[in-house]
Structures are given as structure tokens and as C-alpha cells.
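Participant: Quick one: the structure is below, questions incoming.
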Amino acid sequence: MRILYHIGRYFQLQGEVFSKPERFGIYWKRTIEEIDLLGVKSLGIVALLSVFMGAVITIQTKTNIDSPFIPLYVVGFAARQSTILEFSPTIISLILAGKVGSTIAAEIGSMRVKEQIDALDIMGVNSAGYLILPKIIACVVINPFLIIISMFLSIFGGYMAGTLSGLVSSANYIEGIQFDFNAYHVTYALIKTVVFAIIITTVSAYHGYYTSGGTREVGISSTKAVVYSDVVILIMNYLLTQTLLL
Amino acid sequence: MIEVVGLSKRFGSTQVLTDINAVFAKGKVNQVIGKSGSGKSVLAKCIVGLYVPEEGEVRYDGQSFHTLDKEAKRQIRQEIGMLFQSSALFDSLTVLENVLFPLRMFATMAPEEMLERAHLCLKRVNIIDKDGLYPSEISGGMQKRVGIARAIAMNPKYLFVDEPNSGLDPQTSIVIDELIQELTEEYGTTTIVITHDMNSVMGTGDNIFFIHQGRLWWKGTRDELLTSDNKELNEFIFAGSLMRQVRKAMKG
Ligand SMILES: Nc1ncnc2c1ncn2[C@@H]1O[C@H](COP(=O)(O)OP(=O)(O)OP(=O)(O)O)[C@@H](O)[C@H]1O
Ligand SMILES: [Mg+2]
């Protein structure tokens, strides 16, 4: 029953988030700030993870399928497929849920416990819209770019690891990453990314917005934001994959 | 004018406010006094609609607040200025941006006028040259004053101030009290000041409401306050030695 209560309240909150903004100019400015805070400032961790994950995927693929019957381009092919289909959109989104989600919940949660949200409400500002909408828009706009960058870097990381260690030749890897390329897979990945961006921002904002108590509760909300975002992402990942790829 | 009719509020099983009936007059400084924990802040939050009372209603110039729809509530709230007991400044904005915030959100004036208005409000609370600092970089008393500047920025019709003097030295305290009184008289504001500072009560209180154990125990004017024979009220106002001396002098 508790879960139904949360789901109901979650959708009610979204209703407020998506009601008409008081001043577009102010929302615009807030969105730009959020793009910087939630998007651009995540670039470093995304880049680092992607290069190393790509490298590891490549090495593992090679060591696991080392057989004369398997064509040499398969390593590059496997690295590309796992990067585009799963690693970049899903794993990076899970990482972003940890980084961005906890930031959002902690920021909104501490505004709640310090009565700053009450102060917004008292002024007649739609506090949910003002605080949350710019974050949703920022992530929906910027996360696809982060994921595309992640795809390139992961495949590049694989290339570096494969060629430097001599596991795969440059020509074979490049042949592999071009082999049987299906642009729809990128579309699928980007659809997932956008859905995950919405999940991360709205679920985390929900936990922050309904924090009550003190700093301890802000910490709890922050943790819950990450856990629930992750769970919902995993469920949606399964559902989207079933509907979009089958 | 704000009317509170039969208002009761509880949190879980704790009854915080019981059957409060009060009329807060327009153009007057209405002071709500009472011991710590008596329910003053909760009363203010019920009046502005942050808490929904279990019973009773609040009327703003005759309009019953809790029955209004969201949009109508927002309309009324745009005419409310409130200083929270915790100041509740936005930490991500500077002092100046905090005061500008309601103006940018709602005022229909040119940006330069907004800036001018914000500076005027800051000057009235004696905050000068602190524009670019963040709330965490100024003292508690300064935060209170910036909170007042933000509350009065839009020239509110209804002004709520929760303990404007806590954390202020006696001199600044008087400046703030006088500012609140001036604004109230100048613009005919309905002002509700929550305080347990007897200096403010004696200085600026027009109508005084004494809350005790969540009930409106006594109400009256400043003069009636000193001569009242209400036991709990007397215990509250004559707790300090200064006030006891005043009473002695009055009797003598
Ligand atoms: N959100 C809440 N949940 C539960 N109880 C609350 C809540 N807010 C206030 N109370 C209780 O209501 C009572 C009155 O609190 P309130 O903050 O109104 O006191 P106050 O008169 O403003 O005191 P002070 O002068 O110290 O600010 C207290 O006993 C407090 O424990
Ligand atoms: Mg209080």
C-alpha cells in the first residue's frame, strides 16, 4: 500500500512540476545553470569510466573467444555492440543516477529542511516547478550528449587497449566496429538515455522534495534517490529493450 | 485584515493549537507572544497555509484561504511577505539576489528599478555593502535582516515576521521594530509579529495576543498588558527583572 501512496504522490508532484512557469526567463537561466552543474560537470567521470570500460570489454572479449574459427574482427564488433546497446546508455546512466541523483536529492532536501521551499511557496512561487523542471530539462538535453561521448570514448578505449597490448590489430578492430552497423541501435540507446534521464531527475527530486526532518533525513533521501532511480532504471531498461529490440 | 476562526492544529497525537480565534487588524502591528514551544510559529504557518489545520479557518480580507484553489492561493501569497524564524534565505543566491528574487519573479518593473528597490530594502534594514556575499558568509542577525528585506521587497499587504529581533543587538533591534511599524502604518499592512522580546512588545505592539499551551490565553492592547491580572500572562511578561521594576514603579 505504501508503494501506491508514493507512486500517487510522485505523479501528483510531476503535475505541479509541469504546470506553467511564472517567468520563462528565470526558468531558462536556471536550466543553463543546471546543464553546467548536472551535465558538464559529469563529463570527467563519464569520460574516465568509458575509456576504461571499453578497454576492459575488449580485452575480456579477446581472451574469452580466442579460437581460430572466430573471425578477427569480432573483438571490435563485440566492443561496439556492448558499448552502444548496454554499457553507455545503461551503465553510465546508473553511474549518473549515483552522481546526479544524489546531488539533486541533497540539494532539494536541504532546501526543504531549511524551510527554503516553504519560503518559495509563501511567495506564491510554484516551488516544484521552479526547482525541478530546469533539472529535468537539463538532463534530458545533456545526457544524450554525454552518452554519445561515452560511446566514442569506450570504443576508443577498446582500440587503445587492443592495439597497445597486441591482442588485436588496428585494421581488424576498425573493421569490427564498422561491421554490420545498425543505426537503429543508436536510436534505441538514445531513447533509453532520455527515459533514464527523466527517471533520475524526477525520482531523485521526489525524494528530495518530500524530505522531512533534519540533515540526517537529507542523507537518507539522497541514498533513497539513488537506490530507487537505479531500480526503476533497471526495470525500464528491461521493458524498453523488450519493446524496442524484439 | 486577517481573521482566524476556531483554528486547531495537531501533529499526530500532540495537540499544538486549540480553538484559536483572533482578528489581526489592518495597519496595526499585531504581536503574538508566548513561551518557547507554545505554538506561535505553528500558528503563523497555519495562517499562511503551510500547515493545514484540522479545524477552523483563516480569512484574508473575508476570503477563506483553505477553501481556495491553488491558483487563488498563489495570488494571495504574492501579497504575503514572511520572515521565517530560521530566515530561510536561499543559500545558492547572494544577499542581493535573495532580495531581488521576489521582484524578478513577480514585479513588473525594469531591471534597474528592481535593483534600486532591492538596495532600498537592504538599506532600510541597515545592510550595506554586502550585496555579493552568500547567506553562509554573513552573521545570523544579518541573515534575519536580509530576510526582512526580502519579505518587504514586494510591498506586501500582509507581513509575517517570526522573531525579527532574535540575534540582534538592542540598537539594531529597535531599528527593525521601527521599520516594521513604519511600513505597517505607511502602507496599511496587516502585520503579525511573533516575538518574546519584551522591548519590542513595549515599543511597537498595537494589539497583543498571548498564546499559552496552544491556546489564545489573553488578548488586548499594550496598556492593558501591564495592568492585566492574568496569572500566566503576568508570569510571562514579568519574568525579567527589568519588567518587574517597571511594574514596581507603576504601582509606586
Ligand atoms: N512539524 C512539526 N511536527 C511535529 N510537531 C511540531 C512541528 N512543528 C512544531 N511542532 C510542535 O509544536 C509545538 C509548538 O512549536 P512552535 O514552533 O510553534 O513553537 P514557538 O512558540 O514558535 O516556539 P519558539 O518561541 O521557541 O520559536 C512544539 O511543541 C513543537 O514540538
Ligand atoms: Mg517559533
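A short reminder: the numbers here are calculations on the coordinates, not readings from a lab. Everything numeric here is computed off the predicted structure, so don't read it as measured data. FYI the Cβ positions are ideal-geometry reconstructions off the backbone, even for glycines, and counts take in every protein chain you see.
Participant: Quick one: grab the alpha carbon gyration tensor of the protein assembly as shown, order the square roots of its eigenvalues as a ≥ b ≥ c, and give me rounded if a/c is under 1.5, else prolate or oblate depending on whether a/b is larger than b/c.
Facilitator: Note, shape of the protein assembly as shown comes out prolate.
Participant: I need the calculated FRET efficiency for the pair A:Q242 and B:L120, taking r as the beta carbon distance and R₀ as 60 Å, to the nearest 0.05. Each step should come with its number before you reach the end.
Facilitator: On the way: r = 62 Å, r/R0 = 1.03.
That pair, A:Q242 with B:L120, gives E of 0.45.
Participant: Quick one: angle between helix B:140-152 and the longest Cα principal axis of chain B, in degrees between 0 and 90, rounded to 10, please.
Facilitator: The angle comes out near 80 degrees.
Participant: How far, in nm, would the chain grow between B:E182 and B:D229 when pulled straight, counting 0.36 nm per residue and subtracting the alpha carbon separation?
Facilitator: Working: separation 47, 0.36 × 47 = 16.92 nm, distance 3.12 nm.
Separation in residues times 0.36 nm, less the Cα-Cα distance, equals 13.8 nm.
Participant: If I model a spin label at A:T215 and A:F24 as a point 7 Å from the Cα along the Cα→Cβ vector, what separation in nanometres do I get?
Facilitator: 4.2
Participant: Full-extension gain between B:L68 and B:F11, please, as 0.36 nm times their residue separation minus the C-alpha to C-alpha distance.
Facilitator: 18.2 nm
Participant: Using a ≥ b ≥ c from the Cα gyration tensor of chain B (square roots of the eigenvalues), is it rounded, prolate or oblate, where a/c under 1.5 gives rounded and otherwise the larger of a/b and b/c decides, a/b for prolate?
Facilitator: It is oblate, given that a/c is not under 1.5 and a/b is not larger than b/c.
Participant: Which of rounded, prolate or oblate describes the range B:92-155 when judged by the alpha-carbon gyration tensor and an a/c cut-off of 1.5?
Facilitator: Judged from the Cα gyration tensor, the range B:92-155 comes out prolate (a/c at least 1.5, a/b above b/c).
Participant: Another question, if that's okay. Is any residue of the range A:113-150 close enough, with backbone N under 19 Å, to a label point placed 7 angstrom from the Cα of A:F156 along the Cα-Cβ axis, and if so, which?
Facilitator: Only A:143-150 fall inside the zone, counting backbone N under 19 Å.
Participant: Also, quick follow-up: Running a GNM on chain B with Cα contacts under 10 Å, which residue among B:G49, B:G214, B:G205 ends up with the highest mean-square fluctuation?
Facilitator: Its mean-square fluctuation being the largest, the pick is B:G49.
Participant: I want to verify the translational diffusion coefficient of the range A:23-244 in µm²/s; compute it with Stokes-Einstein, Rh as the Kirkwood radius over Cα pairs, at 20 °C and 1.002 mPa s.
Facilitator: 115
Participant: Helix B:241-251 against the longest principal axis of chain B: what's the angle in degrees, Cα atoms only, rounded to the nearest 10?
Facilitator: The answer is roughly 50 degrees.
Participant: Next up: Subtract the Cα-Cα distance of A:E175 and A:T223 from 0.36 nm times their separation in residues, and report this length gain in nm to one decimal. Intermediate results must be reported in sequence, preceding the final value.
Facilitator: Numbers: separation 48, 0.36 × 48 = 17.28 nm, distance 4.34 nm.
Working it through step by step, the gained length comes to 12.9 nm.
Participant: So what is the relative contact order of the range B:92-155, in percent, for Cα pairs below 8 Å that sit 6 or more residues apart?
Facilitator: For the range B:92-155, the relative contact order is 52 percent.
Participant: Right, next: Starting from one equal scatterer on each C-alpha and no solvent at all, send me the Debye-based log10 I(q)/I(0) for the range B:161-252 at q = 0.12, 0.17, 0.21 Å⁻¹, two decimals.
Facilitator: -0.40, -0.80, -1.16
Participant: Among all stretches of chain A without exposed chymotrypsin sites (Phe, Trp or Tyr not before Pro) (DSSP loop, at most 13 other Cβ atoms within 10 Å), which one is longest?
Facilitator: Numbers: sites that count: A:F18, A:F69, A:F181.
Longest run free of exposed loop sites: A:70-180.
Participant: Turning to a different aspect of this structure: R0 = 41 Å: FRET efficiency of A:I32 with A:F52, Cβ-based, nearest 0.05?
Facilitator: That gives a FRET efficiency of 0.85.
Participant: Still on this structure: Could you check what % of the DSSP bridge pairs in the protein assembly as shown are antiparallel, to the nearest 5? Let's see the in-between values first.
Facilitator: Numbers: 21 of 40 bridges.
Beta bridges within the protein assembly as shown, antiparallel portion: roughly 50 percent.
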